[in-house]
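The values are calculated or read from the model by the stated rules, or taken from the named source; none is laboratory data. In this text, all values refer to a predicted model and were calculated from it rather than measured experimentally. When we count neighbours, we look across all protein chains shown, and the Cβ atoms used for this are built from the backbone with ideal geometry, even at glycine.
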Amino acid sequence: MIRSGRPFRRVLIANRGEIALRIIRACQDLRVESVAVYSDADRGAAHVRAADSSVHLGPAAPAESYLRGDRIVAAALDSGAEAIHPGYGFLSERASFAQQVEAAGLAWVGPRSETIAAIGDKLAARRLADSIGVPIVPGTLEPVSIGPAAGADRRAAVLDAAAAVGYPLMVKAAAGGGGRGMRRVDGPAALEAALADGSAEAGAAFGDGSVYLEREIRPARHIEVQLLGDQAGRVVALGERDCSIQRRHQKLVEEAPAAGLSSAQRGSLHELAVRLASAAGLSNAATAEFLLDETGRFWFLEVNARLQVEHGVTELVSGIDIVTEQLWLASGAALSAAVLAAAERAGAPAGHAIEVRISQEDPARGFSPTSGRVGRFRQASGPGVRVDTAIEPGDQVPPDYDPLLAKLMVHAADRPAAIDRLRRALDETEIGGVQTTLPFHRFVARSPAFAAVQLSTDFVADHWAGPASQASRADALGQALLGAGLAEAVSASPPAAGHPPARGRMTSGRPSPWRAARLGDQPDDPSQDRPWGRPR
Amino acid sequence: MTRPRAIEAGLAGPGRQADDPTVNVDATTAGSIECLDLEHAILGQAPDGEGSGQTRTRLAIGPARRMMDGTVVREVVVDGWRFEVQLDDARRISLRRRASRAASTVGHVRRLEVRSDLPGRIVRVAVAPGDTIVAGQELLVIEAMKMHNEVRATGPGRVVQVGVAPGDTVELGDLLVLLD
């Protein structure tokens, strides 16, 4: 089928940052007008300037802006948009919002609201997978709880269920995501507390405290399948991604295809994902996540009924623009010939793509978020390099928003070439003003374990030791300054100590120039010039 | 271009915990800094021994910023690690050394600033002005990434001032408590 015209005249993008810009670009490629939305913190942001028009939502806090479904639907109706693309995060997997959009007579760029609701309940998804023979991580199919008033019978029943699952096991939230509500339990003694904690955390995060038990599969690789489906019910797999390198259950590095799979393994994985998606009535774009254990078996984890952050690596190896396909599919079009051909090739992919998420986090401190204003910002470019970002020098990412600054993707003929290209692209990337995850990614690009496909969700714990040592990090700075001609001699001796060593999270009162420097940062910004902690 | 004569680089204090790499560079430059024109300059690669093509050190040096006390600070990013380096002239360095020597010989106790090591929200403040504290005592608790981080005293002292209250948000480097 040859597609003509455009899927929509005007689309509202209910998101911010790099993904909003990514979707606006797809609209521009299709000659579709784009409507951006923005909070107070994003006035004049890149995605607002790129769009054909924009609507202000409210204050920076997501609950008052990007999570205000009512305002977003009203903005779409007022601006004459015909469809809403939610991107990822924010309202993208909120079935009630998708339902609001559909009820307003707008097209929802994603799976139908009832599919989101059904698949978003992880227990329902597990039951569905189990019923059609897709192997699920062993565990319970119903919520598990020991109430405060529970009798000995109830307690014993739960302990029996846990013993049947096997220790160590995971307590997981039925409504979960992002590792919230998740607890690892080593033995029966810790079960009751973990259930209570996990349930309380899930209740606070999702408004639903249901938790269930799942065996811990470890070591394991995290491998997911990109799915596309049309409204007639046809679903195909565009290929898989390996997203094993994570911290706090959040991905850091993703690649397509997953290295080291046999074509039989790949074929069976894609078949499992398509079988599940078809049974769920999935349309538009979604991702089915699996764990791959040491014996080479796949275990279904969950379905994300939305565009993924890491969709770009699949685009690079499949040649399919997933976002433009999403727009066509949302308009009612059937899966295109190009998509069907790409799905045919997905079992034997050509080329290899790797993405690293450059985030505003300190990899020396457990990837905790850092604050500050981005200074210098130079992106990699050249052959086989794609950078998706909406950051500009001088930008400050509010702490409420995702600390992702840029997605650096590389594409090459095979995995070793892609790793070399990643190393080169990372060398070209310069970001000042804030500490980022760049040192970690530079490490990965040079890691023999990564090159040898020794991948597991424990990669960070197993291989990343942070900066080799305090001394070596300081030494690296000294050597670098020497090499740069900034100094003629470097003394690496510790300076005379004025005070006892700092402990824990305490900052020494010793007048460290480094510390002092942080305080007077950005002298042109009066809000930075404050001797005491900033009041709320 | 006149080069500074020396840079001292080392640990910010002996015995800092290996897992607490927040402050680990203390660099001071002796000599003239005025003629260094490095505004947004990329100084390229520092030598790192064998050139395998794989292990080059990337160095970027940011613009100079003059602080209120007259010192000049530059951001230096080495292989993605971000440092802020204070460039100081020789006279100031020798003055500071004398002052710190004098402090240790006379036994004068300098006021100790406790600053925030991470951005977050104050959950609890456990001390008040006038309190006498012992080493290791909890001063306050900062919540970041939904985790509670205790801030403890490194040594005995007395609380002079508390700059934050529960519910306040703090940024990296904000002054929390002043100890004597």
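For the range A:392-416, which residues satisfy the criterion of being more than 14 Å from every other protein chain (Cβ to nearest Cβ) and modelled with pLDDT of 95 or more? Correct list: A:LEU404, A:LYS407, A:MET409, A:VAL410, A:HIS411, A:ALA412, A:ALA413, A:ASP414, A:ARG415.
Looking at the range A:287-295, can you tell me whether even one residue there is assigned to a loop (DSSP other than H, G, I, E, B) and more than 28 Å from A:ALA175 (Cβ to Cβ)? Yes - at least one qualifying residue is present in the range A:287-295. Annotation: of all residues in the range A:373-390 being of a type in the set (A, V, I, L, M) and modelled with pLDDT of 95 or more, the one that is surrounded by the most Cβ atoms within 10 Å (Cβ to Cβ) is A:ALA390. Take A:GLY366 and decide whether it is surrounded by fewer than 17 Cβ atoms within 10 Å (Cβ to Cβ) and either basic (Lys, Arg) or more than 11 Å from chain B (Cβ to nearest Cβ) (or both). For A:GLY366, the condition - surrounded by fewer than 17 Cβ atoms within 10 Å (Cβ to Cβ) and either basic (Lys, Arg) or more than 11 Å from chain B (Cβ to nearest Cβ) (or both) - is not met. Find the residue count for the range B:100-152, including only residues that are modelled with pLDDT under 70 and part of a loop (DSSP other than H, G, I, E, B). Counting residues in the range B:100-152 that are modelled with pLDDT under 70 and part of a loop (DSSP other than H, G, I, E, B) gives 6. Give the number of residues within the range A:162-181 that are at pLDDT 90 or above and either in a strand (DSSP E or B) or more than 14 Å from A:GLU142 (Cβ to Cβ) (or both). Qualifying residue count, the range A:162-181: 9.
The residue that is surrounded by the most Cβ atoms within 10 Å (Cβ to Cβ), counting only those in the range A:428-470 that are at positive phi and within 11 Å of chain B (Cβ to nearest Cβ), is A:GLY433. Report, by residue number, each residue of the range B:125-180 that is aliphatic (A, V, I, L, M) and in contact with a Ser or Thr (Cβ under 7 Å, 6 or more places away or on another chain). Across the range B:125-180, the qualifying residues are B:ALA135, B:ILE142, B:ALA144, B:MET145, B:VAL170, B:LEU172, B:LEU176. Residue selection: A:PHE300 satisfies the criterion of being closer than 15 Å to A:ASP121 by Cα and in contact (Cβ under 8 Å) with a residue 24 or more places away in the chain.
A:ARG247 falls short on exactly one of the conditions (1) touching a strand residue (DSSP E or B) at 6+ places or on another chain (Cβ under 6 Å); (2) farther than 23 Å from A:PRO138 by Cα, and that condition is (1).
The residue list A:GLY179, A:GLY198, A:GLY207, A:GLY166 contains one member that is out of contact with any helix residue (DSSP H, G or I) (no Cβ under 9 Å at 6 or more places or on another chain), in contact (Cβ under 8 Å) with a residue 60 or more places away in the chain and closer than 30 Å to A:ALA279 by Cβ, which is A:GLY179. From the list A:ASP42, A:ASP52, the one residue that fits, being among the acidic types (Asp, Glu), surrounded by fewer than 19 Cβ atoms within 10 Å (Cβ to Cβ) and over 21 Å from A:ALA285 (Cα atoms), is A:ASP52. Kindly evaluate A:LEU329 against the criterion of being assigned to a helix (DSSP H, G or I) and within 24 Å of A:PHE443 (Cβ to Cβ). Answer is no for this residue. Of all residues in the range A:351-380, those satisfying the criterion of being in a loop (DSSP other than H, G, I, E, B) and touching a helix residue (DSSP H, G or I) at 6+ places or on another chain (Cβ under 7 Å) are A:GLY351, A:PRO363, A:ALA380.
Scanning the range A:253-264 for residues that are closer than 12 Å to A:ALA346 by Cα and crowded, with 17+ Cβ neighbours inside 10 Å yields A:ALA256, A:PRO257, A:ALA258.
Checking each residue in the range A:30-46 for being within 12 Å of A:GLU64 (Cβ to Cβ) and under 22 Å from the mean Cα position of the chain (by Cα) picks out A:SER39, A:ALA41.
Would you mind stating whether A:HIS270 is touching a Gly at 6+ places or on another chain (Cβ under 8 Å), over 24 Å from A:VAL339 (Cα atoms) and either surrounded by fewer than 22 Cβ atoms within 10 Å (Cβ to Cβ) or not small (Gly, Ala, Ser) (or both)? Answer is no for this residue.
The residues in the range A:82-105 that are assigned to a loop (DSSP other than H, G, I, E, B) and touching a residue at least 60 places away in the same chain (Cβ under 8 Å) can be counted, and the count is 9. Within the range B:166-180, can you find the residues that are over 21 Å from the mean Cα position of the chain (by Cα) and either within 7 Å of chain A (Cβ to nearest Cβ) or at pLDDT below 80 (or both)? Selection gives B:GLY167, B:ASP168. Across the range B:108-165, the qualifying residues are those that are in contact (Cβ under 8 Å) with a residue 40 or more places away in the chain and more than 10 Å from chain A (Cβ to nearest Cβ), and the one among them that is nearest to A:ASP362 (Cα to Cα) is B:VAL123.
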